[in-house]
Amino acid sequence: ISDYMGEYSYLGTTLRQANIEPMPSLSDVRRVITEYGILPMGSQTVHETAPHVKSIMIAGPHGTGKRMLVNAICSELGANLIDLTAENICGRYPGKAGLTMLLHLVMKVGKLLQPTVVYIGNAEKTFVKKVPKNDMSDPKRLKKELPKIIKKMTPEDRILFVGTSLTPWDADVKGLCQCYQKVVLIPRPDYASRFLLFKELILRHGGRLAPTLDLSSLAKISDGYTPGHIITAVKHVLTERRVQQLHRKPLTALEIVTPLARIDPIYKEEEEQFKAFYDKTTMGKKRQMLLKGDEE
């Protein structure tokens with residue numbers, strides 16, 4: 001989980017004082033995933049006494065590290081991963097009896113080999129309002145059965161359902177909230193997180209932090225780019241040949257800006273869609289009520 005890099009947001013309190021609700025930082029996301037997904041699942045005693053979190057949905061734009069967080073949960077726990085993504089189970093265990101058998105096996109194996117993480121990619125497709133004609137994976141197959149299974153789980157079962165979503169607003173919010181207890185929204189990285197990402201990734205890929213490399217400006221102009229975009233740009237620049245040339249030709253910010261400019265960033269409109277979706281969820285509504293109570 002420590003590989004999921006992100007800096008703490010020091011501006012949160014200042015923004016709240018100005019009546020602006022700040023977006024969570026990548027550090028907050030890492031902390032929440034640790035508290036909901038890793039700490040309770042790591043010990044049977046803790047899992048039985050702590051608040052029982054059965055399912056989490058991680059939503060965020062492309063390249064924000066949703067699947068990486070799922071893998072991090074499994075790595076930290078030494079857990080088994082069962083993939084119930086629609087594309088993965090398409091054509092397997094057909095029919096109603098087949099689906100019952102599939103879910104029975106998932107729960108039986110999950111309980112025998114605890115802790116277990118059940119992963120569902122593109123979680124919104126299970127509760128999508130209208131399935132696209134070109135989608136042959138039958139995404140709504142688990143719609144009725146999934147909430148029933150999650151509801152039956154007890155604190156003795158160290159099984160965690162984790163869904164990831166790129167476009168959660170495509171789904172029926174009520175159905176999604178019935179299935180996923182906690183919704184974790186991953187924002188685009190703020191200035192502090194981008195600065196940390198550039199610094200760590202350049203060093204990790206064999207680069208050097210020379211005086212010619214203006215990391216502050218690089219972090220400033222890369223607003224809207226996700227960690228995935230930053231990794232792509234750094235990898236593109238720091239090839240094996242370029243690393244060998246660093247001692248006589250130091251790295252500059254302009255070299256990284258060029259490949260970054262070819263990638264489409266996360267625009268404000270998409271971020272607003274995620275915010276609007278979160279406000280409709282059970283957790284979002286509770287948060288709004290708490291904020292109103294604080295104001296009064």
| request: Consider a paramagnetic label point 7 Å from the Cα of Lys140 along Cα→Cβ; state which residues of the range 172-188 have an amide N under 15 Å from it. | output: 172-176
| task | Determine, at each q value in 0.22 (inverse angstroms), the log₁₀ of I(q)/I(0) that the Debye formula gives when each Cα of the range 75-125 is one equal point scatterer. | result | -0.88
| note | Length gained if Lys108 through Ser2 is fully extended, taking 0.36 nm per residue and subtracting the Cα-Cα distance, is 35.0 nm
| query | Accessible area, 1.4 Å probe, largest first: how do Met136, Met23, Met5, Met68 sort? | reply | Met136, Met68, Met23, Met5
| query | Mind listing which trypsin sites (Lys or Arg not before Pro) in the range 96-131 are in a DSSP loop and have 14 or fewer other Cβ atoms within 10 Å? | reply | Lys129, Lys130
| How long is the gain from Asp172 to Arg241 if the chain were fully straight, where each residue apart is worth 0.36 nm and the alpha carbon distance is subtracted? | 19.8 nm
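Give the accessible surface of the range 5-123 per residue, rounded to a whole number of Å², with probe radius 1.4 Å and ligands, DNA and RNA excluded.
Numbers: 5920 Å² over 119 residues.
On a per-residue basis, 50 Å².
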| query | Ile159: net charge of surrounding residues, Cβ under 12 Å, Lys/Arg +1, Asp/Glu -1, itself excluded? | reply | +3
| request: Provide the gained length on full extension for the span Lys96 to Arg262, in nm with one decimal, where the gain is 0.36 nm per separating residue minus the Cα-Cα distance. | output: 55.1 nm
| message | Out of all DSSP beta bridges in the range 71-178, what portion is antiparallel? Express it as a percent rounded to 5. | response | 10 percent
| query | Between Ile221 and Leu203, what is the label-to-label distance in nm when each label sits 7 Å out along the Cα-to-Cβ direction? | reply | 2.4 nm
| Point-charge dipole on Cβ atoms (K/R +1, D/E -1) for the chain, about Cα centre, debye to 20 | 780 debye
| Dipole of the chain, positive end: most advanced residue of Tyr93, Val46, Ala59 [Cβ charges, Cα centre] | Tyr93
| note | Rounded to whole angstrom, the alpha-carbon centroid of the range 201-243 lies from that of the range 25-81 at a distance of 28 Å
| In whole angstrom, and with the biggest value first, how far do the Cα coordinates of the range 169-291 range along each principal axis? | 59, 26, 23
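Over the range 134-197, give the accessible area per residue in Å² for a 1.4 Å probe, as an integer.
The answer is 44 Å² per residue.
With a Förster radius of 30 Å, plug the Cβ-Cβ distance of Arg287 and Lys130 into 1/(1 + (r/R0)^6) and report the FRET value to the nearest 0.05.
Efficiency, from the Cβ-Cβ distance: 0.55.
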| query | In the chain, what percentage of the DSSP-assigned beta bridges are antiparallel, given to the nearest 5? | reply | 5 percent
| Of Lys66/Lys111; Lys96/Lys280; Lys220/Lys275; Lys133/Lys275; Lys111/Lys174, which ones are farther than 30 Å apart at the Cα? | Lys96/Lys280
| task | Could you tell me which chymotrypsin sites (Phe, Trp or Tyr not before Pro) in the range 219-296 are loop residues by DSSP with no more than 15 other beta carbons within 10 angstrom of their beta carbon? | result | Tyr267
| field | Debye, to nearest 20: dipole size of the range 133-214, +1 on Lys, Arg Cβ, -1 on Asp, Glu Cβ | value | 220 debye
| field | Per-q log10 I(q)/I(0), the range 49-169, q = 0.21 Å⁻¹ (Debye; single scatterer per alpha-carbon; no solvent) | value | -1.35
| remark: Counting only protein heavy atoms with a 1.4 Å probe and every protein chain in place, the carbon and sulfur fraction of the accessible surface of the range 182-296 in whole percent equals 54 percent
| Dipole-positive endmost among Thr116, Pro132, Ile263 within the range 115-272 (Cβ charges, Cα centre) | Thr116
| field | 14 Å Cα-Cα reach of Lys292 towards aspartates and glutamates, excluding residues that sit fewer than 8 places from it in its own chain | value | Glu21, Asp279
| Per-residue [θ]222 nm for the chain (sum of -39500 (n - 2.57) over DSSP H runs n ≥ 4, rounded to 500) | -14000 deg cm²/dmol
| How large, in Å, is the range 157-216 by the Kirkwood hydrodynamic radius built from its alpha-carbon pairs? | 15.4 Å
| Scattering profile of the chain at q = 0.09, 0.14 Å⁻¹ [log10 I(q)/I(0), Debye over alpha-carbon scatterers] | -0.52, -1.10
| said: Using the crude model of +1 on Lys and Arg Cβ and -1 on Asp and Glu Cβ, and no other charge, please compute the dipole size for the range 191-264 relative to its Cα centre, in debye to 20. | reply: 280 debye
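The values are calculated or read from the model by the stated rules, or taken from the named source; none is laboratory data. Just so we're clear, the structure is a prediction, and the values are computed from it rather than from any experiment. Reconstructed Cβ throughout: ideal geometry from the backbone, glycine too, with neighbour counts over all protein chains shown. For the accessible areas, the whole protein counts, side chains as well, though only heavy atoms, and no ligand, DNA or RNA atoms are used. Shrake-Rupley method; radii C 1.70, N 1.55, O 1.52, S 1.80 Å.
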